[in-house]
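Read the structure below first, then the notes.
The values are calculated or read from the model by the stated rules, or taken from the named source; none is laboratory data. Quick caveat: nothing in here was measured; it's all calculated off a predicted structure. Because the Cβ atoms are built from the backbone with ideal geometry, glycine has one as well, and the counts that use them run over all protein chains shown.
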Amino acid sequence: MKKILVANRGEIALRIMRTIRKMGIKSVAVYSDADRHAPHVLFADEAVHLGAAPSSQSYLNGDKIIAISKELGVDGIHPGYGFLSENADFAQKVTDAGIEFIGPTPEAMRVMGSKLAAKDSVKKYNIPMVPGIDHAIEDVNEAIETANKIGYPILIKASAGGGGKGMRIVERADDMQEQMERAISEAKSSFGDGSVFIEKYVTSPRHIEVQVVADKYGNVIHGLERECSIQRRHQKVVEETPSAVVTPEMRDRIGEAAVMVAKSCNYVSTGTVEFLVDDKLNFYFLEMNTRLQVEHPVSEMIIGLDLVEQQIRIARGEKLSVTQDDIKPNGHAIELRVYAEDPLNNFLPSIGTLTKYQKPVGEGIRVDDGYEEGMTIPIYYDPMIAKLVVHGKTRTEAIQKMLQAIKDYKIEGVATTLPFGTFVFEHDAFFSGNFDTHFVKNYYTPEKIKEKQKANAEVAALMALKYWQEQQKKLSPVDHKSTSWKRRLAH
Amino acid sequence: MSESTKTFKVKANDFVFFFDQAAIDAADFFKKSPEEFNLIMDHRSVNARLLEADINGKKIKLEVDGESFDMEIKDPLDQMLDSMGFSSASTKHIKEIKAPMPGLVLEIAVKEGQEVKEGDRILILEAMKMENSIMIQSNAVIKRIAVTTGQAVDKGQVLVELE
């Protein structure tokens with residue numbers, strides 16, 4: 001492979017291009033009207049304009065991306081995550097155009113992209129699953145009937161969804177109509193498929209997932225687990241590996257289950273098998289994400305593999321160079337997703353210009369970002385600014401390093417999830433490892449952050465007064481008077 | 001007013017504090033360097049860095065614990081002037097619904113002149129791939145719709161006006 005096009009934007013496009021360059025391969029960026037000045041465009045060897053800012057007219061325009069690839073002699077397309085990354089039709093068209101799709105096969109994406117087909121696929125491997133209905137629906141009345149049968153709370157999930165998008169919990173029958181309508185509409189506009197899936201909502205669940213890596217010759221290994229239970233709006237915001245609750249024995253079992261899931265669909269490339277873990281540490285297969293995950297850096301840090309490099313090597317036909325026995329956890333890694341969201345205002349998007357942007361640096365600190373000082377966060381895309389990832393010898397060391405890195409991360413102009421990160425990493429429940437996906441609901445209120453801010457503000461205010469009075473004394477009032485007298489006398 | 005009871009008002013970002021001269025004098029403040037300060041308050045040892053200072057304009061910016069604070073100092077005279085200037089400010093009630101976040105108007109569910117009830121959906125705002133129903137919190141009549149479907153709106157922009 002000589003030239004790879006990255007069909008994405010922001011931090012992930014940049015992160016992929018860095019590996020591409022490291023491997024001596026040329027990179028091609030694509031961009032919308034909103035991203036002409038974005039770092040991924042400036043970094044790439046070649047860059048091509050796609051269209052207007054909305055993703056439907058730019059980053060989702062698969063045909064145009066393929067046409068550009070042919071014109072520029074691209075021999076591989078990396079889709080990143082989001083956008084076209086789990087679109088089997090796009091992967092098929094890329095393959096049909098004689099270009100290598102750096103990711104799984106369209107068949108594997110189709111199977112795992114449909115929750116129903118995925119469940120069918122893993123059935124014969126005896127992998128435990130959460131109770132729910134066995135077909136996707138688009139009819140509101142049928143959904144209400146089904147939900148009443150399963151019992152509330154229930155979870156509505158877009159059949160073609162992922163990453164928490166198009167997912168809604170319904171606690172009461174009264175809310176079902178409105179929530180179903182919104183879920184279907186959201187699924188249609190985000191994924192082009194309005195069908196949804198309904199299942200029992202397991203209370204007190206942990207979200208633990210397993211990284212898998214598979215080559216084209218049937219070799220599959222797992223890259224240990226990632227604990228992703230700290231979520232807001234059912235989307236991950238903090239991830240770590242290893243999990244504080246997974247024992248070596250459970251690690252082997254859950255890892256093996258993940259490898260089975262990958263084998264059931266003849267998986268190729270990197271992928272992630274998600275499990276729901278209950279309070280007794282029973283795990284249930286949720287779904288497989290047929291892409292590179294946002295949180296892949298925590299795995300890279302403790303298993304010592306560059307997962308994008310693995311994807312490219314696999315795509316060009318190389319066999320896995322490591323075996324399962326080579327995969328040993330080295331220390332502890334934690335990631336905080338830095339979103340342009342206001343943790344004091346219900347995590348609503350906070351759009352604006354980064355009037356100040358300085359990232360933390362140091363040993364064991366990695367920042368994957370796609371913005372620079374002075375840039376504006378566009379409203380059209382995911383509001384993630386960066387991933388802040390740290391590595392420590394132990395979990396405690398990693399937590400301390402993370403807290404310092406958050407302090408050293410200076411962002412002004414937009415509200416971010418950084419103060420929320422401090423709240424999480426200082427919290428006893430997080431420290432003890434005893435938490436589930438309800439962490440935010442159970443422990444977090446904006447007042448907790450505000451109290452801390454107020455305490456700091458009070459000290460700052462007093463220091464400002466002290467300093468101001470001290471500086472004022474240096475101005476000699478006598479000089480002033482004499483100057484003005486002189487001026488009066490001159491007239 | 002005696003010197004020690006002179007009260008200073010300090011606005012620090014969204015917070016407001018009052019300190020009298022006695023409290024300022026008693027504060028355990030240490031200047032490590034022209035830009036590095038330390039203050040012990042309630043046994044907390046807090047370090048700060050001076051970012052900006054406008055002594056005449058009474059504006060100071062400090063960084064504490066990784067967070068920056070914009071401070072505005074009001075001495076007793078400033079406070080008196082403020083209270084005179086703003087005491088006559090009218091409390092006009094503008095009845096309107098504003099966008100809680102920037103986004104794209106996906107769908108407008110009401111018409112001008114329509115009577116709406118508490119909890120009715122007014123419109124759907126899409127931001128960052130999430131659809132958010134904007135509901136009304138009380139019964140009202142729609143006076144004017146200030147946006148159109150497909151329009152991008154800023155945070156705080158008026159969406160609809162109410163009678």
Taking the range A:176-193 only, how many residues are at the interface with chain B (Cβ under 10 Å from one of its Cβ atoms) and in contact (Cβ under 8 Å) with a residue 40 or more places away in the chain? 1
Residues satisfying the stated conditions in the range A:82-110, i.e. β-branched (Val, Ile, Thr) and surrounded by fewer than 24 Cβ atoms within 10 Å (Cβ to Cβ): A:THR95, A:ILE99, A:THR105
Criterion violated by A:GLU225 - all others in (1) under 26 Å from B:MET128 (Cβ atoms); (2) crowded, with 23+ Cβ neighbours inside 10 Å satisfied: (1)
Can you name every one of the helices (runs of 4 or more DSSP H) wholly within the range A:48-159 that holds 1 or more residues which are in contact with a Pro (Cβ under 8 Å, 6 or more places away or on another chain) and more than 23 Å from A:SER189 (Cα to Cα)? A:88-96, A:140-150
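Quick check on A:GLY194: is it out of contact with any Phe, Trp or Tyr (no Cβ under 6 Å at 6 or more places or on another chain), modelled with pLDDT of 95 or more and either closer than 30 Å to B:MET135 by Cβ or surrounded by fewer than 24 Cβ atoms within 10 Å (Cβ to Cβ) (or both)?
Answer is no for this residue.
How about the range A:161-225: which strands (runs of 3 or more DSSP E) wholly inside it have at least 1 residues that are under 21 Å from the mean Cα position of the chain (by Cα) and on the phi > 0 side of the Ramachandran plot?
A:165-170
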Could you list, in sequence order, all residues of the range A:270-304 that are over 18 Å from A:LYS216 (Cα atoms) and assigned to a loop (DSSP other than H, G, I, E, B)? A:ASP278, A:ASP279, A:LYS280, A:LEU281, A:ASN282, A:GLN293, A:VAL294, A:GLU295, A:GLY304
Quickly run through the range A:333-378 and pick out the residues that are under 17 Å from A:ALA398 (Cα atoms) and over 17 Å from the mean Cα position of the chain (by Cα). A:PRO360, A:VAL361, A:GLY362, A:GLU363, A:GLY364, A:ILE365
Can you find even one residue in the range B:83-103 that is modelled with pLDDT under 95, assigned to a strand (DSSP E or B), surrounded by 13 or more Cβ atoms within 10 Å (Cβ to Cβ) and within 12 Å of chain A (Cβ to nearest Cβ)? yes
Pick from the range A:209-220 the residues that are surrounded by fewer than 24 Cβ atoms within 10 Å (Cβ to Cβ) and touching a helix residue (DSSP H, G or I) at 6+ places or on another chain (Cβ under 7 Å): which of them is farthest from A:PHE420 (Cα to Cα)? A:LYS216
Give the residue that is surrounded by the fewest Cβ atoms within 10 Å (Cβ to Cβ), with candidates limited to residues of the range A:397-410 that are in contact (Cβ under 8 Å) with a residue 24 or more places away in the chain, more than 10 Å from chain B (Cβ to nearest Cβ) and not acidic (Asp, Glu). A:ILE399
Kindly provide the set of residues from the range A:232-244 that are part of a strand (DSSP E or B) and at pLDDT below 95, ordered by number. A:ARG232, A:GLN235
Of (1) at the interface with chain A (Cβ under 8 Å from one of its Cβ atoms); (2) without any contact (Cβ under 8 Å) to a residue 24 or more places away in the chain; (3) within 25 Å of A:LEU403 (Cβ to Cβ); (4) surrounded by 13 or more Cβ atoms within 10 Å (Cβ to Cβ), B:ASN47 satisfies all except one. Which? (1)
Scope the range A:335-348; condition farther than 15 Å from A:GLU11 by Cα, touching a Phe, Trp or Tyr at 6+ places or on another chain (Cβ under 8 Å) and within 11 Å of chain B (Cβ to nearest Cβ); matching residues: A:GLU341, A:PHE347
Candidate set from the range A:27-59 (those that are of a type in the set (Ser, Thr, Tyr) and surrounded by 17 or more Cβ atoms within 10 Å (Cβ to Cβ)); member that is farthest from A:LEU84 (Cα to Cα): A:SER27
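For (1) free of Cβ contacts under 8 Å to residues at least 24 places away in the same chain; (2) touching a His at 6+ places or on another chain (Cβ under 8 Å); (3) within 13 Å of chain B (Cβ to nearest Cβ), each residue gets a yes or a no:
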residue	(1), (2), (3)
A:ILE302	no, yes, no
A:SER321	yes, no, no
A:LYS359	no, no, yes
A:GLU363	yes, no, no
A:GLU373	yes, no, no
A:GLY392	no, yes, no
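For every residue, the table says whether it meets (1) at the interface with another protein chain (Cβ under 10 Å from one of its Cβ atoms); (2) at pLDDT below 95; (3) touching a Ser or Thr at 6+ places or on another chain (Cβ under 6 Å); (4) surrounded by fewer than 16 Cβ atoms within 10 Å (Cβ to Cβ).
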{"position": "B:GLU3", "(1), (2), (3), (4)": "no, yes, no, yes"}
{"position": "B:PHE8", "(1), (2), (3), (4)": "yes, no, no, no"}
{"position": "B:PHE17", "(1), (2), (3), (4)": "yes, no, no, no"}
{"position": "B:ASN38", "(1), (2), (3), (4)": "yes, no, no, yes"}
{"position": "B:MET41", "(1), (2), (3), (4)": "yes, yes, no, yes"}
{"position": "B:LYS59", "(1), (2), (3), (4)": "yes, no, no, no"}
{"position": "B:PHE69", "(1), (2), (3), (4)": "yes, no, no, no"}
{"position": "B:GLU72", "(1), (2), (3), (4)": "yes, no, no, no"}
{"position": "B:ASP78", "(1), (2), (3), (4)": "no, yes, no, yes"}
